[in-house]
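Okay, structure first, notes after.
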There are 4 protein chains.
Amino acid sequence: MADLMRPAPAPVGVGPGPDQQLRRDAGPQTDRGHARKAELLDAARRVFERQGFLDARVADIAEEAGVSQGTFYTYFDSKEAIFRAVATELRDRMIEALKPHGPRPATVHEQVDQAMRRFVAAYRAEARLIVVVAQLGQSTPEIAELRLAVREAFVARTARGIRVQQAQGLVDPGLDPWLASEVLGSMVDATCWVWLNLGKDFDEEALLSTLTQVWTRALHLQEPR
Amino acid sequence: MADLMRPAPAPVGVGPGPDQQLRRDAGPQTDRGHARKAELLDAARRVFERQGFLDARVADIAEEAGVSQGTFYTYFDSKEAIFRAVATELRDRMIEALKPHGPRPATVHEQVDQAMRRFVAAYRAEARLIVVVAQLGQSTPEIAELRLAVREAFVARTARGIRVQQAQGLVDPGLDPWLASEVLGSMVDATCWVWLNLGKDFDEEALLSTLTQVWTRALHLQEPR
Amino acid sequence: MADLMRPAPAPVGVGPGPDQQLRRDAGPQTDRGHARKAELLDAARRVFERQGFLDARVADIAEEAGVSQGTFYTYFDSKEAIFRAVATELRDRMIEALKPHGPRPATVHEQVDQAMRRFVAAYRAEARLIVVVAQLGQSTPEIAELRLAVREAFVARTARGIRVQQAQGLVDPGLDPWLASEVLGSMVDATCWVWLNLGKDFDEEALLSTLTQVWTRALHLQEPR
Amino acid sequence: MADLMRPAPAPVGVGPGPDQQLRRDAGPQTDRGHARKAELLDAARRVFERQGFLDARVADIAEEAGVSQGTFYTYFDSKEAIFRAVATELRDRMIEALKPHGPRPATVHEQVDQAMRRFVAAYRAEARLIVVVAQLGQSTPEIAELRLAVREAFVARTARGIRVQQAQGLVDPGLDPWLASEVLGSMVDATCWVWLNLGKDFDEEALLSTLTQVWTRALHLQEPR
DNA sequence: GATGAATGAGTATTCATTCAT
DNA sequence: GATGAATGAATACTCATTCAT
């Protein structure tokens with residue numbers, strides 16, 4: 001468990017020289033610079049997925065990107081900064097992937113089923129990175145917020161849907177739409193966690209079917225006449 | 001060169017490893033020793049709750065227990081070892097707290113409600129430590145298993161309950177009891193996480209009510225006639 | 001329990017080991033780097049001569065070289081590694097110094113006398129370091145082999161010489177050249193040890209004369225007619 | 001090479017309580033006490049032979065003797081103190097073993113041969129401990145002296161012998177008896193080292209024969225007419 | 001006398017970050 | 001902009017020795 005030994009934190013009170021800081025703030029000036037920054041970001045994602053945050057060294061990222069360690073600091077303030085950038089990209093990809101696309105299914109049951117499949121697909125694609133973000137989120141509020149943002153996006157859409165369905169008389173009006181969506185969102189999220197990160201062996205179709213059943217029954221969701 | 005010419009035969013000085021190990025394995029021999037070990041365990045729990053695993057230094061634990069660092073190693077192999085002990089105690093407390101006790105409620109609705117309240121109470125009492133264990137579990141399989149054990153205890157009890165209720169005709173026989181309990185367990189668990197660890201502000205009674213509603217509706221749980 | 005229920009899949013955060021290793025293995029890339037490495041090696045030799053291996057701290061070596069402790073690890077894996085480098089250099093210097101150079105003396109007696117003086121001079125120049133290497137060699141086979149290499153070089157050369165002299169009829173053919181050279185090598189070696197390391201007070205010329213006498217008589221070494 | 005990491009030295013300026021010190025100075029008061037001390041000494045010898053000085057822990061010695069660590073300090077001041085006692089015993093055993101015993105052989109050649117065999121036998125019996133004493137002697141003058149004492153005993157006897165033989169006309173009068181015995185003593189000593197400690201594979205009889213030959217020829221040792 | 005327990009000084013090594021070319 | 005090198009803070013663990021029962 002030596003890995004868990006924390007490396008020396010950044011010396012406190014020793015700011016960067018004005019030069020490099022300025023360059024970083026200004027952002028890349030050339031196309032080549034932009035490309036370098038993107039390469040570093042990509043390399044960082046791969047390294048974080050592979051090694052987690054604590055065991056990822058700046059040297060690893062630089063090597064993965066094929067540049068020197070010094071060059072890393074031309075583009076990013078710190079290891080945390082590049083991790084934030086990686087996590088932000090993850091958030092955006094997740095939110096995008098959770099949006100409904102394609103034609104709306106005919107039945108509400110199918111709508112729920114599709115939303116479920118979208119979530120699972122999105123989760124599965126990013127499972128490794130989700131673990132790492134979660135791990136760091138425990139102790140870094142800023143990262144925790146990125147993680148929550150994905151949840152919010154999903155929960156808020158669900159809550160809106162429930163409200164609409166209540167107005168249409170498809171869903172039990174006795175439920176608080178917000179609380180219900182929070183609770184059901186937790187269910188889907190945590191189930192994926194156990195399944196895709198923890199490696200508990202579920203049959204995919206059976207699991208999806210159970211999730212969808214629980215969801216629709218919990219809402220007393222009716223097909224419109 | 002005299003000795004340049006005199007390498008060792010079978011290298012002398014390659015002896016057995018640590019010997020404090022022996023004493024540690026043997027365990028305390030006196031009452032005083034047992035008391036010290038318990039004090040250290042308690043101190044460690046407080047320190048881990050306060051500072052997390054990585055930021056907790058062995059020196060902090062020793063100081064919190066009012067002993068020297070050397071004494072720490074009289075009773076525990078390492079920081080990781082005492083953490084395992086703390087996490088094991090947590091697991092046992094949690095499993096105990098989740099067991100039903102007191103008279104069985106008259107209605108199934110009340111049974112579910114009580115189970116929910118038990119879970120929330122148990123979670124709340126240990127929320128700080130749960131975070132820390134979770135964080136370390138990401139990278140330490142042994143700790144991960146301790147976490148899993150609590151989940152399994154809860155899910156298995158739930159699954160048994162559902163099976164019984166199905167036999168009594170109280171619950172929709174079309175549900176897989178195991179999958180349903182996994183999914184509902186995830187729901188309760190993750191909801192507590194968002195609420196008690198991430199600090200999302202829920203009204204307790206409203207939340208409990210929603211959880212209970214979703215649970216009973218998902219199962220089509222009927223009061224027995 | 002939320003996370004108590006979420007053990008990691010394939011534990012995240014178990015990455016590859018040290019990465020400074022890479023730089024160290026690659027060796028210095030610039031002239032400045034090469035110079036630094038040489039300075040450290042020199043500083044280490046001085047510190048080891050002064051303090052021995054156990055009492056030499058990495059901090060001492062870094063300070064002697066005028067660099068930070070971190071810089072030490074830019075060039076060497078460990079205290080042991082730099083010691084191996086120092087001992088290897090010692091071996092090479094010794095082997096070089098023991099080689100005959102200059103014109104071959106006219107008489108065999110003078111040849112033996114010169115070999116003896118070469119050995120003593122080489123030993124005296126490195127006496128301090130020889131002690132330290134010997135001490136560590138007791139428990140470190142790799143170091144022991146470095147010591148052996150010097151002995152072998154000397155003994156092998158002696159054995160060859162004896163064989164040649166036997167062929168020329170200068171030396172008693174009844175002696176085993178290899179055993180004789182081992183035994184005589186031990187004699188010269190251990191005598192220097194007692195004299196130059198243990199501090200026994202011998203008169204140099206008398207000692208050299210005795211060594212040479214014993215050597216030539218033992219071999220029944222004759223001047224060629 | 002972690003074994004080479006030096007343990008914490010004894011705290012400076014913290015003397016023992018007067019009580020224990022007094023008891024130690026007084027020596028054992030009872031037969032049982034004397035037996036305990038002897039057991040500890042024996043246990044220490046075994047442990048030092050097995051593990052060397054640095055890797056031998058006081059706890060190991062106490063355990064080998066079947067007493068508690070505290071009891072160790074009832075009889076010995078320190079780890080070094082008991083090592084000195086062990087080394088002193090070794091010295092006495094060696095000196096005793098080197099003394100000629102039994103009838104004096106008829107020929108001087110046989111005399112030399114027997115002395116050689118005595119030395120080898122004595123050395124072989126104590127080879128392990130000799131290594132450890134040598135190792136510590138590098139840095140501890142008091143131990144070095146114990147080691148030298150054995151050498152002196154052997155060398156002095158040899159020198160006396162040479163002087164006698166010179167008076168009898170058996171040995172070349174041109175040799176300095178003292179220097180010659182030093183040099184020849186080094187030869188025998190170092191040869192045993194290489195053979196019995198370093199593990200170099202010599203044929204015993206061939207080696208003894210070579211040693212004896214070199215010895216007698218070096219002295220021009222004649223059989224008396 | 002015997003015991004179990006308590007003490008605490010001492011040190012190698014990593015890695016994020018800065019800086020001189 | 002890019003590079004290689006320099007920096008230095010931070011921390012777990014052992015074991016000889018003492019001491020209260």
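Only Cα pairs under 8 Å and at least 6 apart count here; give the relative contact order of region A:69-144 as a rounded whole percent. Walk me through the numbers on the way to the answer.
Values: 26 pairs, mean separation 20.8, N = 76.
Relative contact order, region A:69-144: 27 percent.
What do you get for Rg/Rh of region B:20-77 when both radii come from the Cα atoms and Rh is the Kirkwood radius?
0.98
Name the residue from A:SER209, D:ALA125, A:PRO100 whose Cα lies farthest towards the positive end of the charge dipole of the protein assembly as shown, charges +1 on Cβ of Lys and Arg and -1 on Cβ of Asp and Glu.
A:SER209
Could you point to the residue in B:VAL112, A:LEU219, B:GLY161 farthest towards the positive end of the protein assembly as shown's charge dipole, with +1 and -1 charges on the Cβ of Lys/Arg and Asp/Glu respectively?
Checked the options; the winner is B:GLY161.
Over the Cα atoms of chain C, what Rg and Dmax result, in angstrom?
Cα only, chain C: 24.6, 100 Å (Rg, Dmax).
Hey, how much of the P(r) for region D:114-205 falls beyond 23 Å, as a percent of Cα pairs?
Values: 1345 of 4186 pairs.
Tail of the P(r) past 23 Å holds 32 percent of the pairs.
Between region C:163-225 and region B:96-156, how far is it from one alpha carbon centroid to the other, in angstrom?
If we compute the Cα centre of each part, the gap is 84 Å.
What is the fewest-to-most order of C:ARG117, D:ARG84 by other Cβ atoms lying within 10 Å of their Cβ?
C:ARG117, D:ARG84
If the only charges are +1 at each Lys and Arg Cβ and -1 at each Asp and Glu Cβ, what is the size of the charge dipole of chain B around the Cα centre, to the nearest 20 debye? Write down the numbers at each step before the final one.
Numbers: 28 positive and 31 negative charges, 72 e Å.
The dipole of chain B has a size of about 340 debye.
Compute the length gained on full extension between B:ILE95 and B:GLN20: take 0.36 nm times their separation in residues and subtract their Cα-Cα distance, giving the result in nm to one decimal.
Once the chain is fully extended between B:ILE95 and B:GLN20, it gains 23.7 nm.
Could you identify which residue out of A:PRO103, A:PRO177, A:PRO28 has the top mean-square fluctuation in a GNM of chain A using Cα springs shorter than 10 Å?
A:PRO103
Report the residue, chosen from D:VAL47, D:VAL120, D:VAL183, that carries the largest GNM mean-square fluctuation when chain D is represented by alpha-carbon nodes joined by springs under 10 Å.
D:VAL183
Taking R0 as 60 Å, what FRET efficiency do you get between C:SER78 and D:ALA167 from their Cβ-Cβ distance, rounded to the nearest 0.05?
Details: r = 60 Å, r/R0 = 1.00.
The value I calculate is 0.50.
Looking at this model, which pairs from C:LYS200/D:LYS79; B:LYS79/C:LYS37; A:LYS79/B:LYS79; B:LYS37/D:LYS79 are more than 31 angstrom apart at the alpha-carbon? Could the numbers behind the result be given before it?
Details: C:LYS200/D:LYS79 28 Å; B:LYS79/C:LYS37 37 Å; A:LYS79/B:LYS79 26 Å; B:LYS37/D:LYS79 29 Å.
Pairs exceeding the cut-off: B:LYS79/C:LYS37.
Counting only Cα atoms, I'd like the Rg/Rh figure for the protein assembly as shown, Kirkwood definition for Rh.
Over the Cα atoms of the protein assembly as shown, Rg/Rh equals 1.15.
Can you sort D:TRP193, A:TRP195 from fewest to most other Cβ atoms within 10 Å of each residue's own Cβ?
A:TRP195, D:TRP193
Counting only other chains, what is the mean number of Cβ atoms within 10 angstrom of the Cβ of each residue in peptide B:143-151?
Numbers: counts 5, 8, 1, 2, 9, 7, 2, 3, 10.
So the per-residue partner count for this stretch is 5.
Taking the Cα centre of region D:45-131 as origin, sum charge times position over the Cβ atoms of Lys and Arg (+1) and Asp and Glu (-1), and report the length of that vector in debye to the nearest 20. It would help to have the intermediate numbers written out before the result.
Details: 14 positive and 13 negative charges, 56 e Å.
In total the dipole reaches around 260 debye.
What is region D:84-219's relative contact order, in percent, from Cα pairs under 8 angstrom and six or more apart in sequence? If you can, show how the numbers build up before the last one.
Working: 89 pairs, mean separation 39.2, N = 136.
Relative contact order for region D:84-219 comes out at 29 percent.
What FRET efficiency, computed as 1/(1 + (r/R0)^6) with R0 = 30 Å and r the Cβ-Cβ distance, is obtained for C:SER68 and B:GLN51, rounded to the nearest 0.05? Spell out each step's value before the answer.
Working: r = 29 Å, r/R0 = 0.98.
That pair, C:SER68 with B:GLN51, gives E of 0.55.
Charges at C-beta only: +1 for Lys and Arg, -1 for Asp and Glu. How large is the resulting dipole of region A:154-225 about its Cα centre, in Debye rounded to 20? Before the final figure, lay out the partial values.
Working: 6 positive and 9 negative charges, 70 e Å.
With Lys and Arg at +1 and Asp and Glu at -1, about 340 debye.
Only the coordinates and a few stated rules stand behind these numbers; no lab work does. Please read all numbers here as calculations on a predicted model, not as lab measurements. Positions of Cβ are generated from backbone atoms using ideal geometry, with glycine treated the same way; all protein chains shown enter the neighbour counts.
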